Amino acid sequence: SVYEYFASTEELVADLIIDELNNYVSVLSSAISEDATPMVAIEEWLRAALTYIADGRHLIAKSLNAAALPKERATEIGIAHRALLAPLRKSLGELGVVDIDRALALIQSASDVATKRIESGKEAEDEIVSTIAFCLSGITALIS
C-alpha cells in the first residue's frame, strides 16, 4: 500500500530525507535567540547542530543519504540543505565576513570532525565546547 503514495522506494526515501532535513532546519532555527548577536547566533546554531548529532537524531538522514535518490528530487534536497545554513550565512554576513562560502566550508569541516569524534564515543559536550570555541575564533579571523 506504500506504493499507492510513492512511485518507488527512492521516492519514499527522498521524502523521508526532505522531512528530516526540514525538521533539522526547524530545530536549528528555533535554537537561535531572537535578540542574539551574530556571534551568539552562530554559537547557538553550532550547539544545536552538534547536540542533534550527539543525540543520534541525524542517523536516520545519514543512513538514508546512502540510498540512491531520484535525480528530480535533488533540487528539493539542495533547498533543504541550504535552509540549514541560512542562519549561519546571515550571521556571517552581518559580522562582515567577506568570503562566506569559505567560512561555511571551514565551519562544516570542524562540524564533520566533531561529528566523527562524537560518533566514535568521545565525550559529546567536550567536542561541542571545543568545536564552538574553534569556529568562533576562526570566524573572528575572517572578519575584515
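The values are calculated or read from the model by the stated rules, or taken from the named source; none is laboratory data. Values in this document were obtained by computation on a predicted structure and should not be read as measured data. Positions of Cβ are backbone-derived with ideal geometry, glycine not excepted, and every protein chain shown enters the neighbour counts. For accessibility, only protein heavy atoms count, side chains too; no ligands or nucleic acids. Shrake-Rupley method; radii C 1.70, N 1.55, O 1.52, S 1.80 Å.
With respect to (1) modelled with pLDDT of 85 or more; (2) open to solvent by 70 Å² or more (accessible area, probe 1.4 Å); (3) under 17 Å from the mean Cα position of the chain (by Cα); (4) hydroxyl-bearing (Ser, Thr, Tyr), the lone exception for Ser63 is condition (1).
Annotation: Pro38 fulfils all but one of (1) open to solvent by less than 40 Å² (accessible area, probe 1.4 Å); (2) within 14 Å of the chain's Cα centre (by Cα); (3) in contact (Cβ under 8 Å) with a residue 12 or more places away in the chain; the unmet one is (2).
Pairing each residue of the range 84-103 that is of a type in the set (A, V, I, L, M) with any residue that is in a loop (DSSP other than H, G, I, E, B) and open to solvent by 50 Å² or more (accessible area, probe 1.4 Å), provided the two are 6+ apart or on different chains, yields C-beta distances under 8 Å for Val97/Ser144; Val98/Ser144. Checked against the criterion of being of a type in the set (S, T, N, Q) and open to solvent by less than 40 Å² (accessible area, probe 1.4 Å), the range 8-29 contains one or more residues that satisfy it. Checked against (1) more than 14 Å from Leu50 (Cβ to Cβ); (2) charged (D, E, K, R); (3) open to solvent by 80 Å² or more (accessible area, probe 1.4 Å), Asp99 passes all but a single condition, namely (3).
Filtering the range 132-140 for residues that are part of a loop (DSSP other than H, G, I, E, B), surrounded by fewer than 16 Cβ atoms within 10 Å (Cβ to Cβ) and either touching a residue at least 12 places away in the same chain (Cβ under 8 Å) or out of contact with any Pro (no Cβ under 9 Å at 6 or more places or on another chain) (or both) leaves an empty set. The set of residues in the range 118-129 that are more than 18 Å from Val40 (Cβ to Cβ), open to solvent by 60 Å² or more (accessible area, probe 1.4 Å) and over 16 Å from the mean Cα position of the chain (by Cα) comprises Ser120, Gly121, Lys122, Glu123, Glu125, Asp126.
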